[in-house]
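J.: Mind having a look at this structure? Questions to follow.
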Amino acid sequence: MKRTHYTSELEGQEGKSVTIAGWADQLRILGKIAFIIVRDRYGTVQVTIPRSKLAELYGEAKSLTKESVISVKGTLKANKEAPRGIEVIPEHIEVLSRAAAPLPMDISGKITSELETRLDSRFMDLRQPTVAAVFRVRDSLLAGIRSYLEGEGFIEVHTPKLVKAGAEGGATLFKVDYFGKKAYLSQSPQLFKQVLMSTGLDRVYEIAPAFRAEPSATTRHLSEFISLDFEMAFIDSQEEVMQLVENMVVSAMTHVKGECKDELKLLGRELDVPKAPFRRVPFAEAKELLAAEGKKIENDLDSEAEKALGSIIGDDYYFITGFPNAEKPFYIMEDGDSSCSFDLECKGQELASGGQREHRYDALIARMRRLGLDPKSFEFYTNAFKYGMPPHGGVGLGIDRFAQKLLGLKNIREAVLFPRDKIRMMP
Ligand code: ATP
Ligand code: MG
């Protein structure tokens, strides 16, 4: 057996024979004794090779390089001098994979590498406990979201990512050659999740990639991101969607706080779980608040205005509601000049967009025409509204951005294993 115990399972096992496996985090070979710090998924432990064993094992220990993968069978011994008060006295060391030297980047914590260098050697970067912790927190966040939504009667669905029509405007569509025909990578499951509302599967969610040809390099945009979308039918208004969103955020963050104590500690992060209900800031009020600070906006908030509003509001999480129709896509329901829409904001940055959808066939077709769209090219979508479509609404929330915000990471790329942007396609 290559491993009987993780390093996290060694406490109280003194005297026992164990086999641990992992990477040679540190190697110190002194005259009479050698130390190997072995690192696995959960932590590290010291392997001490005493003098009496040197002849048998020293050769292998000497030829060992940092970050080689080894399996160590030995006896666990209490030792006050050792980092965790325990050490493994080996009987056998098997080198499973010898690491080449020098390493592509330093992961000892002595040199901090630029994000680009880290991303170039992401496999190595991820061996750092603080980097791995980000992805454990992200996993927990997703588990918290799924558990909340399942508890509210949502079912998880998957919609196609190769599509014939975009949902969010042509500017950010990636074109694909689809057997000689033109197709696109899906920007959002919007149209499909709405179609599902006509089927009786009246609460659905999807956690899947969305693709946007975002030409500008920002710290919160990628060309491939993970979108959490949900859609629910038989609503009175977008208020019901907002309540689900805020409760989901609170519930998922509470889950992370409970499950990821070690990771949060490692990352030096206190999670301030917000309280629901979050403040609702009508767009008109946002406009006034900004005007009072000398910032004039029209129908939308640019990122600067968004940030300024964030400092005026002061809350970590809040909604901006009722954006002007003019700025909203065709599927959103109108309410006079404004729309039944909302954005969830986190400290002055958008985390999610949602609202009530236009479910009335005639009104939908009319709005599409007003916006210069040809309803014919959306028949797969509009047909679902013709034969019985309940009122419905939903939201799209960026998971990568949520993880970024939660952990206070400067760049969204830190929250993504292998980020994709205009420049980076590899690894
Ligand atoms: P933004 O104004 O920040 O570019 P958006 O309004 O274009 O976002 P939506 O279409 O509303 O984005 O998408 C819903 C959510 O998906 C956003 O609130 C955001 O969290 C996330 N998202 C959108 N585009 C990206 C992207 N390029 N990279 C990462 N996350 C994104
Ligand atoms: Mg948006």
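J.: Between S68, S227, S237, which gets the highest mean-square fluctuation from a Gaussian network model of the chain, Cα cutoff 10 Å?
T.: Evaluated over the chain, the most mobile residue of the options is S68.
J.: Specify the angular offset, from 0 to 90 degrees and rounded to the nearest 10, of the alpha carbon long axis of helix 238-259 from the longest principal axis of the alpha carbons in the chain.
T.: The answer is roughly 10 degrees.
J.: Enumerate the amide H contacts of R279 below 5 Å, restricted to partners 5 or more residues apart or on another chain; note that Pro and chain-start residues carry no placed amide H.
T.: Sorted by chain and number, the residues that satisfy this are F319.
J.: Residues of the stretch 373-417 with backbone nitrogen within less than 17 Å of a virtual label 7 Å along the Cα-to-Cβ line of F234, please, listed as ranges.
T.: 388-394
J.: How high is the relative contact order of the chain, in percent, with contacts defined as C-alpha pairs under 8 Å that are six or more residues apart? Could you put the intermediate results ahead of the total?
T.: Values: 792 pairs, mean separation 55.1, N = 427.
The value is 13 percent.
J.: What full-extension length gain, to one decimal in nm, is calculated for E270 and D362 as 0.36 nm per residue of separation minus the Cα-Cα distance?
T.: Gain on stretching E270 to D362: 28.1 nm.
J.: Same structure, new question: Computed FRET efficiency, Cβ-Cβ of K62 and S108, R0 30 Å: what is it to the nearest 0.05? Before the final figure, lay out the partial values.
T.: Working: r = 20 Å, r/R0 = 0.67.
In this case the efficiency is close to 0.90.
J.: When you have a sec, figure out the Kirkwood radius of the stretch 232-320 from all distinct Cα pair distances and drop it here in Å to one decimal? Mind dumping the intermediate values first?
T.: On the way: mean 1/r = 0.0655 Å⁻¹.
That comes to 15.3 Å for the stretch 232-320.
J.: If you don't mind, there's one more thing I want to ask. Using the Cβ atoms and a cut-off under 13 Å, what net charge is assigned to the surroundings of D262, where Lys and Arg are +1 and Asp and Glu are -1? Walk me through the intermediate numbers first.
T.: On the way: positive: R41, R136, K257, K261, K265, R269; negative: E259, E263.
Summing Lys/Arg as +1 and Asp/Glu as -1 gives +4.
J.: What nm distance separates the two modelled labels at K80 and E285, each placed 7 Å from Cα along Cα→Cβ?
T.: It works out to 6.3 nm between the two label points.
J.: Would you mind ranking L201, L264 by Cβ crowding within 10 Å, fewest neighbours first? Let's see the in-between values first.
T.: Numbers: L201 14, L264 20.
Ascending number of Cβ neighbours within 10 Å: L201, L264.
J.: Say R0 is 60 Å: what FRET efficiency, to the nearest 0.05, do L96 and K296 get from their beta-carbon distance? List each step's numbers first, then the result.
T.: Numbers: r = 64 Å, r/R0 = 1.06.
The calculated FRET efficiency here is 0.40.
J.: Which is farthest toward the positive dipole end of the stretch 200-240 among A217, M232, L201, measuring Cα position about the Cα centre, with Cβ charges +1 (Lys, Arg) and -1 (Asp, Glu)?
T.: Toward the positive end, the furthest listed residue is A217.
J.: While we're on this one: Work out from phi, with θ = phi - 60° and the Karplus expression 6.51 cos²θ - 1.76 cosθ + 1.60, the ³J(HN,Hα) of each residue of the stretch 142-155, listed in order in whole Hz, and give x for Gly and Pro.
T.: 5, 4, x, 5, 4, 5, 5, 5, 4, x, 8, x, 7, 10
J.: Hey, got the dipole for the chain? About the Cα centre, +1 on K and R Cβ, -1 on D and E Cβ, debye to the nearest 20? Mind showing how you got there, number by number?
T.: Details: 59 positive and 62 negative charges, 367 e Å.
Computed charge dipole of the chain: roughly 1760 debye.
J.: Please sort 149-155, 47-53, 291-297 by packing, taking for each peptide the average over its residues of neighbouring beta carbons within 10 angstrom, highest first.
T.: Result, highest mean first: 47-53, 149-155, 291-297.
J.: Right, something else. Between I29 and F179, what length comes free when the chain is fully extended (0.36 nm per residue of separation minus the Cα-Cα distance, one decimal in nm)? Don't jump to the answer; show the numbers that get you there.
T.: Details: separation 150, 0.36 × 150 = 54.00 nm, distance 6.02 nm.
Additional length available on full extension: 48.0 nm.
J.: Still on this structure, please answer the following. Pulled fully out, how much extra length does the chain show between D374 and I89, if you take 0.36 nm times their separation in residues and subtract their Cα-Cα distance?
T.: Values: separation 285, 0.36 × 285 = 102.60 nm, distance 7.39 nm.
Using 0.36 nm per residue and subtracting the Cα-Cα distance, I get 95.2 nm.
J.: Still on this structure: Could you please rank T219, T7, placing first whichever residue has the fewest other Cβ atoms within 10 Å of its Cβ? Before the final figure, lay out the partial values.
T.: Numbers: T219 14, T7 24.
Going from least to most buried by this count: T219, T7.
J.: Can I ask one more? For the chain, what is one quarter of the convex hull surface built on the Cα atoms, given in nm²?
T.: Details: hull surface 102.2 nm².
Its Cα hull, projected and averaged over all orientations, spans 25.5 nm².
Here, each number is a calculation from the coordinates, and none is a lab measurement. The shown structure was predicted, so the numbers you read here are calculated from the model rather than taken from an experiment. Please note: Cβ atoms are built from the backbone with ideal geometry, for glycine as well, and neighbour counts cover all protein chains shown.
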